[in-house]
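Structure first, then comments.
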Amino acid sequence: MAREVSPGKKRHNIIHLLETIEDKYNYLPPEALIELSRKEKIPLSRLYSIATFYGAFSLTPRGKHVCTVCMGTACHVRGAAAVLSRLENKLEIKAGATTENNEFTLETVNCLGACALAPIVVIDGEYHGQVTVKKVDRLIDEVSADEK
């Protein structure tokens, strides 16, 4: 059953509003959340609650390219730890960080749900299956070359 809205009150699609901000800045800047809270009369605590609940949102600046390594069981068994280690070395950052030039953010997730393709690396939403340590350099080099 749909929730009734009191007369004079707007229903908000907060997820969509946050996605719009995330798309513009590549993260959720505090100033943008404060402005959204003020403009739409949504409690700031509610915005932060939603933003921290969903892994798709980031409260810290992210790189132009987001590289995500699946660390789920199938990926782990098939070498995801070595793939992650190579990515950390190649990008000169640890998982959870962004390169100094803001080109790459490296993240890990517990499962991407594509275990048959393990280990999986997702770069800018594009899935790369059966990634090996040898393939890591090529993947990063291809993304970097596309920028030039």
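Within the chain, the cysteines lacking any other cysteine Cβ closer than 4.7 Å to their own Cβ are Cys67, Cys111, Cys115.
What the chain shows is 64 Å² of accessible area per residue, with the surface traced by a 1.4 Å probe over protein heavy atoms.
Dipole magnitude for segment 71-135: about 380 debye, using +1 per Lys or Arg Cβ and -1 per Asp or Glu Cβ, origin at the Cα centre.
Under 19 Å between alpha carbons: how many lysine pairs meet that in segment 34-147, if sequence neighbours fewer than 8 apart on the same chain are excluded? Don't skip to the answer; put the middle values down first.
Working: Lys64/Lys90; Lys64/Lys94; Lys90/Lys134; Lys90/Lys135; Lys94/Lys134; Lys94/Lys135.
Lysine pairs meeting both conditions in segment 34-147 amount to 6.
Computed on segment 98-148, with alpha-carbon pairs under 8 angstrom and 6+ residues apart, the relative contact order is 18 percent. Of the Cα atoms belonging to the chain, the radius of gyration and Dmax stand at 18.4, 61 Å. If only the Cβ of Lys and Arg carry +1 and only the Cβ of Asp and Glu carry -1, the dipole of the chain around its Cα centre is close to 580 debye.
If you model segment 83-135 as an ellipsoid using its alpha carbon gyration tensor, with each semi-axis the square root of five times an eigenvalue, the axes come out at 20, 12, 10 Å, biggest first. The residue list Val136, Leu36, Gly113 was ranked by how far each Cα lies along the charge dipole of the chain toward its positive end, using unit charges on Cβ atoms, and Leu36 comes out on top.
The values are calculated or read from the model by the stated rules, or taken from the named source; none is laboratory data. Predicted model, so just to flag it, every value in this text is computed and none were measured. Because the Cβ atoms are built from the backbone with ideal geometry, glycine has one as well, and the counts that use them run over all protein chains shown. Please note that ligands, DNA and RNA were not included when accessible areas were found on the heavy atoms of the full protein model with its side chains. Shrake-Rupley method; radii C 1.70, N 1.55, O 1.52, S 1.80 Å.
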